[in-house]
Amino acid sequence: LIYDSFAQYLVTEKGYDKDLLNLTSESLDFCCKGLVFDLEDGNFLKLAEDGTVLRASHGTKSMTSEEILETYGRREWKHFGAVSGMLSRSAKYYLYDNYFDLPGALLCARIVDTLDRHDKQKKYDFWKDMVAAIQHNYKISAFKENCGTYFPEVKNDPDKYLQRCPESVKKWLKQLKNAGKILLLITSSHSDYCRLLCEHIIGHDFEDFFDIVITNALKPGFFSHTPNQRPFRTLENDEEQEALLSLDKPGWYSQGNAIHLYELLKKMTGKLDPKVVYFGDSMHSDIFPARHYSNWETVFILEELLGDKVMVPAETESEPLEKKGKYERHLPKVPCSVSEQWGSFFVDSLPGLGNAEETLVSTWSCKCISTYSTIAIPSLEAIADLPLDYRFTRFSSNNSATAGYYPSPPRALLSPEESVPMK
């Protein structure tokens, strides 16, 4: 649906090739988190932790090791410094780091293919049209105006697109609240769309689960901007009202900034430095800014851990069922199998020349996980049945690059000696 929402606009409003509207399920293999799109060259890149290019494609077509070495050499990609500082997005590149964005990566790659068919280009400048397509479909008024392809379709058939929140997660949220924790929901979605999602996923009483709801938070700016740049606003019938000089009580707000929110949390908890644990699925919008600007604890929701097929080590098979975590009993279905074209999200081999031996290295995406998250989990369901005082091992303990993965590190990161034989 996200792919279609952009493609429809580009074909009907901007005159792009109609072929873009035909999408095969095989072509979705191109979608892989952690890719950087070099806007002017029309190339997608998978980077090593030191910024070397591990794999690349021009449009959807994979580049050979020789082409990569010829184009990029064995040195840091030219914009790596800016990307790795997670600076705001630039006119030179775009980082695809969450599932909501990913269909746009496939569309951009296919646009490069169609432009090349008509006339091989030196520099590509279609990105402005892509931004217009995003604006058209997701601007703040689009939900109310029934504009674009995305919102009307989700409103019309939410069951087709939304999975309901598991009972275990709802129970967990209630337990947290009963234990005296303050629960926040912070989303960049506008209030009307947020309400549709939450009512459908959690239920009509979803507001009872949270003390504070913040919509249109415009992350990562929520964390990086000052109160003057990004004040909180109240809402009336989903319309934003006047700017607030401070945040005085729990409730539902729009926009805002982490500084004023933290002042309210101090007041609500009566503590000088209340501890905040923030869950998110985007490194760029959630995990990096919450850690870097606010110094919050961060839990990275990383569905790639599901694609790794968590197996039960042979020697624990004899344990009675009630002793095992729910996670080991019935494994969830895998939404994110490894892309054939791009390989593992966590590691890859450096392109070798001729007979040179391949060297396995961590990807830049993988390095960011151990640097900016406290722990990484495949889903909230994976931890919902644990006792609230369960002690997780953090990434920072012994500077381990794998310690913070729960329930277990991706097998790609384990040395052969660490991999237990699986049944």
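The values are calculated or read from the model by the stated rules, or taken from the named source; none is laboratory data. These numbers come from a predicted model, not from an experiment. Every residue, glycine as well, gets a Cβ built from its backbone with ideal geometry; the counts of neighbours run over all protein chains shown. For accessibility, only protein heavy atoms count, side chains too; no ligands or nucleic acids. Shrake-Rupley method; radii C 1.70, N 1.55, O 1.52, S 1.80 Å.
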How many residues of the stretch 292-308 are more than 15 Å from the chain's Cα centre (by Cα), touching a residue at least 60 places away in the same chain (Cβ under 8 Å) and open to solvent by less than 60 Å² (accessible area, probe 1.4 Å)? The answer is 3
Next item on the list: Kindly check whether there is at least one residue in the stretch 382-390 that is open to solvent by 30 Å² or more (accessible area, probe 1.4 Å), within 25 Å of Tyr96 (Cβ to Cβ), at pLDDT 90 or above and not assigned by the TED database to the domain that holds Glu70.
Entry: no
*asked:* Kindly evaluate Ile202 against the criterion of being in contact with a Ser or Thr (Cβ under 9 Å, 6 or more places away or on another chain) and open to solvent by less than 30 Å² (accessible area, probe 1.4 Å).
replied: no
Restricted to the stretch 243-267 and to residues being out of contact with any Pro (no Cβ under 7 Å at 6 or more places or on another chain), in a helix (DSSP H, G or I) and of a type in the set (A, V, I, L, M, F, W, C), the residue farthest from Tyr293 (Cα to Cα) is Leu264
Within the stretch 236-287, restricting to residues that are among the aliphatic types (A, V, I, L, M) and touching a Phe, Trp or Tyr at 6+ places or on another chain (Cβ under 6 Å), the one that is farthest from Phe300 (Cα to Cα) is Leu244
Filtering the stretch 126-147 down to residues that are touching a residue at least 12 places away in the same chain (Cβ under 8 Å), open to solvent by 30 Å² or more (accessible area, probe 1.4 Å) and not in a helix (DSSP H, G or I) yields Ile140
Of the residues in the stretch 232-277 that are aromatic (Phe, Trp, Tyr) and touching a residue at least 40 places away in the same chain (Cβ under 8 Å), the one that is most open to solvent (accessible area, probe 1.4 Å) is Trp252
Counted residues in the stretch 163-175 being surrounded by 14 or more Cβ atoms within 10 Å (Cβ to Cβ) and either free of Cβ contacts under 8 Å to residues at least 60 places away in the same chain or among the hydrophobic types (A, V, I, L, M, F, W, C) (or both) come to 5
With criteria (1) touching a helix residue (DSSP H, G or I) at 6+ places or on another chain (Cβ under 7 Å); (2) surrounded by fewer than 20 Cβ atoms within 10 Å (Cβ to Cβ), Asp97 comes up short on (2)
From the option list Arg75, Arg55, single residue qualifying as farther than 23 Å from Gln121 by Cβ, charged (D, E, K, R) and open to solvent by 30 Å² or more (accessible area, probe 1.4 Å) is Arg75
For the stretch 268-299, the count of residues that are in the same structural domain as Ile182 (by the TED database) and part of a helix (DSSP H, G or I) equals 2
Note to self: Among the residues that make up the stretch 102-122, is at least one of them open to solvent by 60 Å² or more (accessible area, probe 1.4 Å) and touching a Phe, Trp or Tyr at 6+ places or on another chain (Cβ under 9 Å)?
What the structure shows: no
